[in-house]
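Below is one structure, written out as structure tokens, with a few remarks after it.
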Amino acid sequence: MMSRSYTNLLDLASGNFPVMGQPREKKRLPRVMTVPGVISELDDDQANSVASDVPSSIIQDRIIIVANQLPVKAKRRPDNKGWSFSWDDDSLLLQLKDGLPEEMEVLYVGSLKVDVDPSEQDDVSQLLLDRFKCVPAFLPPDILTKFYHGFCKQHLWPLFHYMLPFSANHGGRFYRSLWEAYVAANKIFSQRVIEVINPEDDYVWIHDYHLMVLPTFLRRRFNRLRMGFFLHSPFPSSEIYRTLPVREEILKALLNSDLIGFHTFDYARHFLSCCSRMLGLEYQSKRGYIGVEYYGRTIGIKIMPVGIHMAQIESVLKLADKEWRVGELKQQFEGKTVLLGVDDMDVFKGVNLKLLAMEQMLKQHPKWQGRAVLVQIANPARGRGQDLEEIQAEITASCKRINETFGQPGYEPIVFIDRPVSLSERVAYYSVAECVVVTAVRDGMNLTPYEYIVCRQGVSESESSSESSGSKKSMLVVSEFIGCSPSLSGAIRVNPWNIETTAEAMNEAISMADAEKQLRHEKHYRYVSSHDVAFWSRSFFQDMERTCKDHFRRRCWGIGLSFGFRVVALDPNFRKLSIDHIVSVYLRSKNRAILLDYDGTVMPQTSHNKTPSSEVISIINTLSSDIKNTVFVVSGRGRDSLAQWFSPCKKLGIAAEHGYFMRWSANDNWEVCGQNSEFGWKEIAEPVMKLYTEATDGSSIETKESALVWHHRDADPGFGSSQAKEMLDHLESVLANEPVTVKSGQFIVEVKPQGVSKGVVAEKIFTTMAESGRQADFVLCIGDDRSDEEMFEIISSAISSGVLFSNTSVFACTVGQKPSKAKYYLDDPAEVVNMLESLAEASDPEPFSDTRSEDSI
């Protein structure tokens, strides 16, 4: 029975945390307590895994949305006594409610943008919970600084945007103390979630890179919790991500979610590549859904770019002050063609590249001098550091140089707005802009083009009919490195690093015929208006429901410590093999069939010396010497090595090369069980395999008597897998008329004769025993991989056909806790050997005497 008590995950993950300056809190009753169980279960020192066996008293579904910051604005009261709060209408977390079921309650967990004195935190928590259904997470100042400005902004943010820390001044160096603060902050968020959660009824939706290890903390407490994660930033390629010292910890933490969402297929592909290269996990696509198998759980991968809040933009369009501002801007830029940029002040937004492209356009196309204006709105920077200061200085210098070079009385080609701009003012700028230019060198999504398209569509409602058709047009020049680029097929996509082509794209955009602009605009508007934020959140939630539908049907175990923690989900009937139980049944039985795989079953896969130990030889010899037993080693290995290793076991049956060769004892001759003994196909298959071996470093060919096996375990994971798929198709094509089967397995492609499998071996053993009057009343079948599943499967059909008794005691057992057709499992080869030793001690070995007739064989 596995213990449900685990050592403190935080301490294991990051060492001695008291140095962080966070005193251990006293036990106290949370303000909201809805977790089934006793209060002590919520204390950090007794972190029990809650199996959710107690039915919840709340029937209504609820979703808890967790993000770094709550969707509320906070400010001090004028009298400096307390705080006043209001919803932040610009927050995506607030807008996504539109796509959730109307009857669903939404609870928010996150931090505030302001510092709240510890003496006020309880009152603020109660106020936010009562009025806004928000649960604030208060981070101690030292943790907050290292967590947000340290690990998040100096390390994760640059790395996820492809900036490697080559020096201390370029990107953020990895410091263990910053990682510890990141873990500590995520733990504080988890504590706030745990205080309010109903694990059976609630969904949890976690947002963005600030909280990537939070899924582990929550899964550790609630095995069956329904939990999704959405990453709003890019996910870098594996070559970049693998430089992260805590790469596996973060990957494994994310895999404790049920659904992981990304804006684009590129980001999802990079994540899946990391899972493959670093964790050996492969993904499968089934009926349009992508899933990663992880210890019996299928983690869904969702690809869906976020949209904008249509109602919010349209309501701003109707504001009277907006009309006044539009008129003012039209007067300011009368006779000018306006290009617009709206970006955060960030090193990855490519603002200076845009300015250089504008400069290049004015040089190459002098007709735009005095006519074209680039209005660049720079939102305040969220981060800080030397890189940011350098880019700000560079932008300022570029603006000054371009305006001095091309400026005229009453004309400045660059209008740089370096202040916060409200949505209504931003909408006014969208309305007068002929083209929006986005030249970010890397951006997770960027909704500026979407907002622009909707604003250009909405302007016609307040314009005269004579201008109506002209107003419903828009043009976009967008970087190919931003998340919204794939969905904007009518935009002119550019490589922002190429100044010349970006300049030509800007010229093309503002020179294009109105009819073409209108067609592109209409295409974009149809997409943006139908794929809004409500569509995005509805789609994500529906996929989370689908992914989690079997949660309460499966049996779950939490195993592993620190960030190696994961949940193993198995069929309810799948359980560990009890040695006492199998021994008692073994003693009562009269005719026993025992079928044992070799590698990974009685011999560990990791062992370099594959020769069986004297202990294994002794146990198998004792079992096979019992007159009541028919014992077989069923392996993919060649007959010569198996015969040599098990030569002391005179009465042991051996099925080699998955059953192509078979003998019942050491005194018997080898039987050939394949349908065909001609191997002319090898002359066709081997040259093909050699071709791929030469082209795939780390691959090799294993030549068996009856089969050829191509191994790519030591090759590059991605390339090896790709080559294996290509080889499989190639071999199936050239061997289509040959009596062979081509199969792929774990890091192998195998060609073997038709009709050869471990399942056929098992069926032959059961049939032969029945025909000789020794129908098995006890079957033990143990294996660890896909080929052994064929043995487990054949047992059911043998019972149905009468080859085995309907009441035969069957112990189909796989090695390791994983999905299987077997009903039982043992954890590793050591447990298998221990179980076999117990059976050997209960056996009654007799001197070897082969009394079977030829007919029985």
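The values are calculated or read from the model by the stated rules, or taken from the named source; none is laboratory data. Everything quoted here is computed from the prediction, not taken from an experiment. Here Cβ is always computed from backbone atoms with ideal geometry, including for glycine, and neighbour counts include all displayed protein chains. When the accessible area is computed, the model is the full protein with side chains, heavy atoms only, and any ligands, DNA or RNA have been set aside. Shrake-Rupley method; radii C 1.70, N 1.55, O 1.52, S 1.80 Å.
Quick look at the numbers
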item: Net charge contributed by nearby residues that have their C-beta within less than 14 Å of LEU388 (K/R +1, D/E -1); result: -4
item: Surface accessible to a 1.4 Å probe, SER487 within the full protein complex, Å²; result: 30
item: Cross-link reach list, aspartates and glutamates versus LYS823, counting only Cα pairs under 15 Å and skipping chain neighbours closer than eight places; result: ASP571, ASP784, ASP785, ASP788, GLU789, GLU790, GLU793
item: Accessible area per residue in Å² at 1.4 Å probe, computed on segment 507-662; result: 41
item: Kirkwood Rh (inverse of mean 1/r, distinct Cα pairs), segment 62-303, angstrom; result: 18.9
item: Fraction of beta bridges assigned by DSSP in the chain that are antiparallel (%, nearest 5); result: 35
item: Directionally averaged shadow of segment 736-825, computed from the convex hull of its alpha-carbon atoms, nm²; result: 6.9
item: Exceeding the 30 Å Cα-Cα cut-off - candidates LYS73/LYS153; LYS187/LYS576; LYS113/LYS549; result: LYS187/LYS576; LYS113/LYS549
item: VAL347 accessible area, 1.4 Å probe, all protein chains in place, Å² to nearest 10; result: 50
item: Percent carbon-and-sulfur accessible area, the chain, ignoring ligands, DNA and RNA, probe 1.4 Å; result: 48
item: Inter-part distance where segment 230-285 and segment 383-411 are each reduced to a Cα centre, Å; result: 37
item: Segment 680-753, accessible area per residue, ligands and nucleic acids excluded (1.4 Å, Å²); result: 50
item: Around GLU103: net Lys/Arg minus Asp/Glu count, Cβ-Cβ under 15 Å; result: -3
item: Equivalent ellipsoid semi-axes - Cα gyration tensor, the chain, angstrom; result: 63, 34, 23
item: Of every Cα-Cα pair in segment 680-753, the percent that sits beyond 15 Å; result: 45
item: Helix-derived mean residue ellipticity, 222 nm - over the chain, DSSP H n ≥ 4, -39500 (n - 2.57), to 500; result: -11500 deg cm²/dmol
item: Average accessible surface area per residue within segment 302-426, 1.4 Å rolling probe, Å²; result: 46
item: Trypsin sites (Lys or Arg not before Pro) lying in DSSP loop within segment 275-356, provided at most 11 other Cβ fall within 10 Å; result: ARG287, LYS318
item: Cα-based reach from LYS628 at 17 Å (exclusive), listing lysines while leaving out same-chain residues under 8 positions away; result: LYS590, LYS650, LYS651
item: Relative intensity, log₁₀ I(q)/I(0), of segment 280-333 from a Debye sum that treats every alpha carbon as a point, q = 0.25, 0.30, 0.31 Å⁻¹; result: -0.95, -1.10, -1.14
